[in-house]
Amino acid sequence: MIDRPTGSAGPNALVLTHGAGSNSNAPLLRAVSSKLCEQGWTVMRYDLPFRQKHSGSPRPNEAAGDREGLRQALAELRGEVGPKTRLFVGGGSYGGRQATMLAAEDVQLDAFGLLLLSYPLHPPGQATKLRTAHLPTLTKPSFFAHGSRDPFGTRQEMEQALKIIPAPTQLVIVDGAGHDLGGGKKLAFVDAFLEFASAN
């Protein structure tokens, strides 16, 4: 699903994907896409390969295929917007994590930066099981929006994790939001992301 700018197209485009229990029509993704399109962005809301196959949660052996799907989505969006547009990639929770892993694995990835919504730093109640092993090799500017009540990571835990990323990063805490970031009703972080994208 490609959401096009409401006015003239700007210099940026985004592949935006979903979490483990969701899909590309999630209210948060639709709301973020709409706000970005108002600012001239082209946004592809993308169903990961696991979601294209079944309605359940992603299985461990599907993660590599989901990352390859994101790579292919970037290539498809590149064909839509042309060679001069800056591409970004990211998404909610599991989808955002796969985007960071893909960017860490492939420094030549055709993406300028990342938008991470509710990065799942660790499973709820299991703070020692950090999903950070790949972050020291993440070299693309990365913007994180995170709810103050997200059980997948506290503000302090997120701040510590971002310190090991060598690329420019920004963390915006959405006050009062849980893992769904307010379900599309708390979108001030999008303005911060637009500033971040322009500055890097």
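The values are calculated or read from the model by the stated rules, or taken from the named source; none is laboratory data. Here the structure is a predicted model, which is why all the values come from computation and not from measurement. All Cβ positions, even for glycine, are placed from backbone atoms using ideal geometry, and neighbour counts span all protein chains on display.
Provide a single number: the residues in region 175-198 that are in contact with a Phe, Trp or Tyr (Cβ under 7 Å, 6 or more places away or on another chain) and not in a helix (DSSP H, G or I). Selection size over region 175-198: 1. The C-beta contact set for region 108-128 (first residue in a loop (DSSP other than H, G, I, E, B), second residue at pLDDT 95 or above and among the polar types (S, T, N, Q), distance under 6 angstrom, 6+ apart or interchain) comprises Ser118/Ser93; Pro120/Ser93.
I'm trying to understand the selection: among the residues of region 1-52, which are polar (S, T, N, Q), out of contact with any helix residue (DSSP H, G or I) (no Cβ under 7 Å at 6 or more places or on another chain) and more than 18 Å from Arg67 (Cα to Cα)? Scanning region 1-52 gives Ser8, Asn25, Ser33, Ser34. Of the conditions (1) closer than 21 Å to Leu48 by Cα; (2) among the basic types (Lys, Arg); (3) surrounded by fewer than 16 Cβ atoms within 10 Å (Cβ to Cβ), Arg78 fails just one. Which one is it? Among (1) closer than 21 Å to Leu48 by Cα; (2) among the basic types (Lys, Arg); (3) surrounded by fewer than 16 Cβ atoms within 10 Å (Cβ to Cβ), the lone unmet condition for Arg78 is (3). Of the residues that make up region 160-169, is at least one without any contact (Cβ under 8 Å) to a residue 12 or more places away in the chain, over 14 Å from the mean Cα position of the chain (by Cα) and surrounded by fewer than 20 Cβ atoms within 10 Å (Cβ to Cβ)? Yes, that holds for at least one residue.
Being in contact with a Ser or Thr (Cβ under 6 Å, 6 or more places away or on another chain), part of a helix (DSSP H, G or I) and either under 17 Å from Gly96 (Cα atoms) or at pLDDT 95 or above (or both) is the requirement here; does Ala167 meet it? Walk me through it before giving the result.
Numbers: in contact with a Ser or Thr (Cβ under 6 Å, 6 or more places away or on another chain): yes; part of a helix (DSSP H, G or I): no; either under 17 Å from Gly96 (Cα atoms) or at pLDDT 95 or above (or both): yes.
Criteria not met by Ala167.
Condition (residue is at pLDDT 95 or above and part of a loop (DSSP other than H, G, I, E, B)) applied to region 63-83: is it met by at least one residue? Looking for residues that are at pLDDT 95 or above and part of a loop (DSSP other than H, G, I, E, B), one finds at least one in region 63-83, hence yes.
For residues in region 1-41 being in a strand (DSSP E or B) and hydrophobic (A, V, I, L, M, F, W, C), which is surrounded by the fewest Cβ atoms within 10 Å (Cβ to Cβ)?
Checking each candidate, the answer is Ile2.
Checked against (1) touching a helix residue (DSSP H, G or I) at 6+ places or on another chain (Cβ under 6 Å); (2) modelled with pLDDT of 95 or more, Gly183 passes all but a single condition, namely (2).
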